[in-house]
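Colleague: Shown below is the structure under consideration.
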Amino acid sequence: MIDPEVYRVLVYGVLVAWLTPIFYVCLAIIGSILHKKKQISCGKRTPELLIFQIPTIGNVKIVNKIMNTIKEHDLPTKVQTWVIIEEANKHKEEYDADKVVVVPKGFECEALYKGRALEYARQERLKLVEQGELSLNYVVAQSDDDATLSQGFMKECCTIDADIMIGFISPRLDKVGLMCKILDYERCVSAVVPDLFFTNINAPIYSHGEGLCISSRVDRAVNYKVSEVNPNLKKGIKLIASEDLFYTHKTSGMGFNSYCSREPIYVLPPMNIRDAIIQRNRWLWGHINAIKHGFLFKRNAIRVVLYELLGLITYPLAMIGIPLSLFGFFRFTPELQLLTTFTLFLWLGLRFYSITYIKGWKDGLYGMLFSYFTVTLSFFVRIYGLLKGDSKEFKVIQKEKLT
């Protein structure tokens with residue numbers, strides 16, 4: 001016989017889990033309103049130069065394809081393309097970019113890998129400003145070497161005076177297998193639900209390096225020093241992953257404004273489920289280590305933890321509630337039964353809208369029909385990552401030529 005208190009907690013937990021779609025829909029609706037207001041409140045800018053940069057360990061063909069696409073965009077501002085590579089890269093002369101920034105082997109900072117490369121490029125811009133070779137009136141747009149910024153996003157980089165800006169991730173789902181497609185539908189939902197709301201109130205949850213725009217104010221004032229956020233940082237601890245999360249949160253924590261655009265960033269997802277798991281685990285442990293080592297301001301860390309826990313806790317409760325309800329373990333009142341049925345369709349409708357807005361109605365319908373499988377797969381990938389532990393390295397996944 002189950003303890004009455006345990007029974008009561010379980011039933012209320014299931015009820016709360018089944019009602020959370022109301023919360024998520026409210027976030028999406030208010031986020032859309034905030035997006036429109038933020039466009040106006042940020043004001044306008046007319047930079048003299050937009051620097052578009054990609055940090056890469058190689059991938060010459062992919063990078064050149066992206067660079068050429070960017071150069072074809074019809075923009076109101078002159079664009080200068082930068083590729084950031086390591087000194088060991090043997091393809092220095094092959095990049096179709098205006099400037100190839102080579103990170104010296106001996107360059108030291110408080111970040112490794114991609115964060116280290118971005119910090120070196122940032123310092124190079126500061127030198128150019130000091131030497132009078134770069135005007136203060138510039139913006140920086142950056143992407144990874146598997147992502148392409150849309151013309152719409154880059155136009156907003158040139159016109160909306162936000163300190164830091166992220167776009168809507170639009171996975172190129174025609175290039176990947178079923179499992180990776182299903183996992184990346186979650187990125188569409190994330191863009192519409194937490195990103196629109198929290199980023200546009202200057203309290204971001206997530207960020208992504210696939211599409212980021214940084215004002216010259218931020219570029220000159222915000223660096224990749226984690227010790228500035230946590231002065232008590234243990235010696236030898238460096239930023240390894242989630243450098244974009246760190247940078248965005250550090251920027252907002254310093255009082256700069258953030259803006260979530262609804263313009264797309266076209267991203268090539270992992271090619272197979274193995275790489276998808278590697279990618280998700282890198283994100284997961286990047287977030288965990290950012291919180292564990294104090295890379296985020298406390299209020300930012302609390303916000304990320306609470307939002308992450310909301311999903312991790314409500315998912316199993318919601319799923320457990322289905323068989324318990326079917327087998328008569330508990331019964332809600334007719335009113336609550338009607339309400340929870342409504343929130344089920346509300347949840348499915350939100351997922352359909354989110355995916356449809358970014359990928360079109362066919363993917364929206366497909367994503368909605370596979371919703372339970374999608375969130376289940378995402379949940380167990382996360383649990384697997386927690387059980388597997390931190391790899392303590394930045395694992396690079398397979399890239400495919402963008403066509």
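Colleague: Please go through the range 112-127 and give me each residue that is within 22 Å of SER227 (Cα to Cα), at pLDDT 95 or above and surrounded by fewer than 18 Cβ atoms within 10 Å (Cβ to Cβ), ordered by number.
Modeller: Listed by number, the residues that qualify are GLN123, GLU124, LEU126.
Colleague: Another one. Looking only at the range 93-127, how many residues end up being closer than 21 Å to VAL139 by Cα, part of a loop (DSSP other than H, G, I, E, B) and among the charged types (D, E, K, R)?
Modeller: Of the residues in that region, 2 qualify.
Colleague: Which residue is surrounded by the fewest Cβ atoms within 10 Å (Cβ to Cβ), if the candidates are limited to the range 87-111 and must be touching a residue at least 24 places away in the same chain (Cβ under 8 Å) and in contact with a Gly (Cβ under 9 Å, 6 or more places away or on another chain)?
Modeller: HIS91
Colleague: Right, another one. Residues being surrounded by fewer than 23 Cβ atoms within 10 Å (Cβ to Cβ) and part of a helix (DSSP H, G or I): count how many of those fall in the range 128-157.
Modeller: Summing the residues that are surrounded by fewer than 23 Cβ atoms within 10 Å (Cβ to Cβ) and part of a helix (DSSP H, G or I) in the range 128-157 gives 7.
Colleague: Would it be correct to say that LEU149 is in contact (Cβ under 8 Å) with a residue 60 or more places away in the chain, under 27 Å from ALA203 (Cα atoms), touching a Pro at 6+ places or on another chain (Cβ under 8 Å) and of a type outside the set (D, E, K, R)?
Modeller: no
Colleague: Can you name the condition, by its number, that PRO231 falls short on among (1) at pLDDT 95 or above; (2) within 29 Å of TYR120 (Cα to Cα)?
Modeller: (1)
Colleague: Filtering the range 375-394 down to residues that are part of a helix (DSSP H, G or I), in contact (Cβ under 8 Å) with a residue 40 or more places away in the chain and hydrophobic (A, V, I, L, M, F, W, C), which residue is nearest to ASP275 (Cα to Cα)?
Modeller: Initial filter on the range 375-394 (part of a helix (DSSP H, G or I)): 375-388.
The next check asks that each one be in contact (Cβ under 8 Å) with a residue 40 or more places away in the chain; those that pass are 375-379, 381-382, 384-386, 388.
Still in the list and also hydrophobic (A, V, I, L, M, F, W, C): 375, 377, 379, 381, 386.
Numbers: VAL375: 18, LEU377: 14, PHE379: 16, VAL381: 12, LEU386: 17 Å.
Within the range 375-394, the match that is nearest to ASP275 (Cα to Cα) is VAL381.
Colleague: Just checking, which of PRO47, PRO55, PRO21 is surrounded by 15 or more Cβ atoms within 10 Å (Cβ to Cβ), over 22 Å from LEU128 (Cβ atoms) and in contact (Cβ under 8 Å) with a residue 60 or more places away in the chain?
Modeller: None of the others qualify; the one that does is PRO21.
Colleague: For a quick check of your reading of the model, give me the residue pairs whose first member lies in the range 227-246 and is free of Cβ contacts under 8 Å to residues at least 40 places away in the same chain, whose second is of a type outside the set (S, T, N, Q) and assigned to a loop (DSSP other than H, G, I, E, B), with beta-carbon atoms closer than 7 Å and at least 6 apart or on different chains.
Modeller: ASP244/HIS208; ASP244/GLY209
A quick yes/no check of all residues on (1) of a type in the set (D, E, K, R); (2) surrounded by 17 or more Cβ atoms within 10 Å (Cβ to Cβ); (3) closer than 27 Å to PHE197 by Cβ:
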site	(1), (2), (3)
ARG217	yes, no, yes
VAL222	no, yes, yes
LEU233	no, yes, no
LEU239	no, yes, yes
ASN257	no, yes, yes
CYS260	no, yes, yes
PRO270	no, yes, no
ALA276	no, yes, yes
LEU296	no, yes, yes
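The values are calculated or read from the model by the stated rules, or taken from the named source; none is laboratory data. Keep in mind the model is a prediction, meaning the values are calculated, not measured. Reconstructed Cβ throughout: ideal geometry from the backbone, glycine too, with neighbour counts over all protein chains shown.
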